[in-house]
Amino acid sequence: MLFMCHQMAMKKEAEEKLKAEELRKAKAASDIPIIWILGGPGCGKGTQCAKIVEKYGFTHLSTGDLLRNEVESGSDKGRALQAVMASGGLVSNDEVLSLLNDAIGRARGGSKGFLIDGYPREKNQGVEFEARVAPADLALYFECSEDTMVKRIMARAAAAAVKRADDNEATIRSRLKTFALNTNAILELYNEKTLTINAERDVDDIFLEVVQAIDCVLKNKQKAAALC
Ligand code: AP5
């Protein structure tokens, strides 16, 4: 009985430590902008992120890249992830958030801001991120027709020296289906912090709108910091 009480107290203490650590991380992360980058496969998320990094020096974390790194490691986990990605489905929330959280933890010290590319892809991913990491300041949604997205991915695949395993017509269709199934719920839930951008235009025209939105977030952060 005494042993059980001791074990329960230890468990409670460990849970409280974990909570305190998560709160500490959330507080630290809230000082710098966190921006979610949303949009279907091939809409131009990665392209715009590269330009944002160049201008603002933010840390770019693409969930697709984090998952592909894990696949490349050849681990058992990587093999399981590859099967899901090749089917065009979504990897489990826990798996993605834990990769993301680790990467944020590694980069946090010197980061000027985080671009979380390809996340959330499902409503609960957003809810869990904000509970376990920090609230997002802004979500940029790059809106694009399916036809354009398919054309862009096929062109990227044709030009690539190493083609991505999921850049084939069947998997693209399945990725589009997964995207269509989950996106409205995300946009509804995060309506207030989402800016929808027409991504059917020239890369630089799209970027002008991106810059306006990010400048606005930075200004608000500065104002909030001055009030503290
Ligand atoms: P991920 O790697 O994120 O792929 P994706 O969302 O399908 O997006 P892409 O990387 O293919 O395209 P992009 O929007 O970045 O476009 P890009 O800039 O390259 O995810 C892969 C898989 O991982 C998922 O299917 C899922 O299985 C899993 N996964 C990832 N995140 C997950 C999560 N959160 N939860 C669960 N599972 C997850 O542009 C494409 C092409 O178009 C390029 O050639 C580019 O040069 C060109 N282009 C870009 N913009 C323009 C423009 N304005 N005009 C003309 N051409 C343009």
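The values are calculated or read from the model by the stated rules, or taken from the named source; none is laboratory data. On a predicted model such as this, the values are computed, not experimentally measured, just so you know. Cβ coordinates were reconstructed from backbone atoms using ideal geometry, including for glycine residues, and neighbour counts include every protein chain displayed. Calculation scope for accessible area: heavy atoms of the full protein, side chains included, ligands and nucleic acids excluded. Shrake-Rupley method; radii C 1.70, N 1.55, O 1.52, S 1.80 Å.
Of the peptides 185-196, 6-17, how do they stack up when ordered by the mean number of other Cβ atoms within 10 Å, highest first?
Answer by packing, highest mean first, reads 185-196, 6-17.
Could you check the simple spin-label distance between Arg106 and Lys193, using points 7 Å along Cα→Cβ, in nm with one decimal?
2.5 nm
Given a 1.4 angstrom probe, what's the average accessible area per residue across the chain, in square angstrom?
57 Å²
Please name which of Ile104, Gln125, Gly40 has its Cα lying farthest along the dipole of the chain towards the positive end, using unit charges on Cβ (Lys, Arg +1; Asp, Glu -1) and the Cα centre as origin.
Of the candidates, Ile104 comes out farthest on the positive side.
Which entries of Lys112/Lys151; Lys51/Lys221; Lys123/Lys177 have Cα-Cα distances beyond 23 Å here?
Pairs exceeding the cut-off: Lys112/Lys151.
Place the peptides 92-103, 153-164 in order of packing, highest mean first, counting for every residue the other Cβ atoms within 10 Å and averaging per peptide.
Most protected by this proxy first, the peptides run 92-103, 153-164.
Among the DSSP beta bridges whose two residues both lie in the chain, what percent are antiparallel, rounded to the nearest 5?
0 percent
Under a straight-distance cross-link criterion of Cα-Cα below 28 Å, which lysines are reachable from Lys12, leaving out those fewer than 8 residues away in the same chain?
Of all the lysines, those that pass the test against Lys12 - Cα under 28 Å, at least 8 places apart if same chain - are Lys25, Lys27.
Of Phe207, Val150, Leu66, whose Cα points farthest to the positive end of the dipole of the range 33-226 (charges on the beta-carbon: +1 Lys, Arg; -1 Asp, Glu; origin at the Cα centre)?
My answer, from the dipole projection, is Leu66.
Where nothing but the Cβ of Lys and Arg (+1) and of Asp and Glu (-1) is charged, how large is the charge dipole of the chain around its Cα centre, in debye to the nearest 20?
420 debye
Specify whether the C-alpha gyration tensor of the range 179-228 places it in the rounded, prolate or oblate class, a ≥ b ≥ c being the square roots of the eigenvalues: rounded for a/c under 1.5, otherwise prolate if a/b is larger than b/c and oblate if not.
Because a/c hits 1.5 or more and a/b fails to exceed b/c, the range 179-228 counts as oblate.
Just to be sure I understand the model, the point goes 7 Å from the Cα along the line to the Cβ. What's the resulting Ala159 to Ser92 distance in nm?
Rounded to a tenth, the inter-label distance reads 3.8 nm.
Lys55 versus Ala83, label points 7 Å from Cα toward the beta carbon: distance in nm?
Distance between the two pseudo-spin positions: 4.3 nm.
Tally up the carbon and sulfur contribution to the accessible surface of the chain as a whole percent, 1.4 Å probe, everything protein left in place.
56 percent
Before anything else, pin down the relative contact order of the chain: Cα pairs under 8 Å, at least 6 apart, normalised by residue count, whole percent.
After rounding, I find 30 percent.
Any chance you could check the Cα centroid distance between the range 193-223 and the range 166-181 for me, in angstrom?
When both Cα centres are located, 27 Å separates them.
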